[in-house]
1. Would you mind finding the one in F96, F40 that is over 30 Å from A138 (Cα atoms) and either among the acidic types (D, E) or modelled with pLDDT of 95 or more (or both)?
2. Would you say E98 is more than 18 Å from the chain's Cα centre (by Cα), over 30 Å from H135 (Cα atoms) and surrounded by 10 or more Cβ atoms within 10 Å (Cβ to Cβ)?
3. As an exercise: evaluate F40 against (1) surrounded by 10 or more Cβ atoms within 10 Å (Cβ to Cβ); (2) of a type in the set (A, V, I, L, M, F, W, C); (3) more than 27 Å from Y123 (Cα to Cα) and give the number of the one condition it does not meet.
4. Would you mind stating whether S109 is hydroxyl-bearing (S, T, Y), closer than 27 Å to A31 by Cα and open to solvent by less than 30 Å² (accessible area, probe 1.4 Å)?
5. Give the residues of region 64-88 that are closer than 21 Å to L51 by Cα and open to solvent by 80 Å² or more (accessible area, probe 1.4 Å), sorted by residue number.
6. Go through region 43-53 and report how many residues are open to solvent by less than 50 Å² (accessible area, probe 1.4 Å), closer than 23 Å to R19 by Cβ and more than 13 Å from the chain's Cα centre (by Cα).
7. Run down E36, E42 and say which single residue is closer than 22 Å to W107 by Cβ, out of contact with any helix residue (DSSP H, G or I) (no Cβ under 8 Å at 6 or more places or on another chain) and acidic (D, E).
Amino acid sequence: MRYHKVVRRSYDKDQDTFRHYFLVLPCLVLALLINERFTFKEVMWTFSLYLEAVAILPQLVLLQRTRNIDNLTGQYVFLLGAYRGLYILNWIYRYFTEPHFVHWITWISGLVQTLLYADFFYYYFQSWKNNQKLHLPA
């Protein structure tokens with residue numbers, strides 16, 4: 001995105017200061033410690049689940065810092081969270097209809113990811129209900 005001719009004009013390097021290694025390293029350590037089997041493939045899969053759960057944090061922090069959320073960005077973040085919410089409904093359905101459908105790591109990381117969206121959802125629905133531009137508190 002930083003290199004696309006049109007998109008890079010809206011990139012603000014001063015606001016984009018999130019330290020990504022504060023997400024990557026803890027997710028890797030957690031994947032090494034908490035996994036279903038200690039194999040390379042399983043640890044990397046678990047790492048990807050943990051990282052996916054927190055990957056929205058840099059975007060949410062940037063949106064909160066800039067407080068300038070255009071419609072496209074707001075709808076995109078909302079749909080990302082709604083997608084995860086639908087996954088949770090799928091897991092609930094499958095838990096009750098399929099025998100032995102228990103995936104604790106997937107469920108907990110998905111729940112964490114959905115909870116990270118909760119604050120954004122609240123302000124998204126408030127702005128929609130009041131027909132106002134979306135603003136996040138600083």
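1. F40
2. Working: more than 18 Å from the chain's Cα centre (by Cα): yes; over 30 Å from H135 (Cα atoms): yes; surrounded by 10 or more Cβ atoms within 10 Å (Cβ to Cβ): no.
For E98, the condition - more than 18 Å from the chain's Cα centre (by Cα), over 30 Å from H135 (Cα atoms) and surrounded by 10 or more Cβ atoms within 10 Å (Cβ to Cβ) - is not met.
3. With (1) surrounded by 10 or more Cβ atoms within 10 Å (Cβ to Cβ); (2) of a type in the set (A, V, I, L, M, F, W, C); (3) more than 27 Å from Y123 (Cα to Cα) applied to F40, the lone miss is (1).
4. Yes: the conditions hold for S109.
5. Within region 64-88, Y76, L79, Y83, L86, Y87 meet the criteria.
6. Selection size over region 43-53: 2.
7. Numbers: E36 fails: out of contact with any helix residue (DSSP H, G or I) (no Cβ under 8 Å at 6 or more places or on another chain).
From the options E36, E42, the qualifying one is E42.
So that you can scan it fast, the table gives a plain yes or no per residue for (1) modelled with pLDDT of 95 or more; (2) within 20 Å of the chain's Cα centre (by Cα); (3) more than 25 Å from F120 (Cα to Cα):
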{"residue": "D12", "(1), (2), (3)": "no, no, no"}
{"residue": "D16", "(1), (2), (3)": "no, yes, no"}
{"residue": "R19", "(1), (2), (3)": "no, yes, no"}
{"residue": "L23", "(1), (2), (3)": "no, yes, no"}
{"residue": "A31", "(1), (2), (3)": "yes, yes, yes"}
{"residue": "N35", "(1), (2), (3)": "no, no, yes"}
{"residue": "A55", "(1), (2), (3)": "no, yes, no"}
{"residue": "L60", "(1), (2), (3)": "no, yes, no"}
{"residue": "R65", "(1), (2), (3)": "no, yes, no"}
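The values are calculated or read from the model by the stated rules, or taken from the named source; none is laboratory data. What you see is a predicted model; the values in this text were computed from it and never measured. Every residue, glycine among them, receives a Cβ derived from its backbone with ideal geometry; neighbour counts consider all protein chains shown. The protein model used for the area step is the full one, side chains on, heavy atoms only, and it has no ligands, DNA or RNA in it. Shrake-Rupley method; radii C 1.70, N 1.55, O 1.52, S 1.80 Å.
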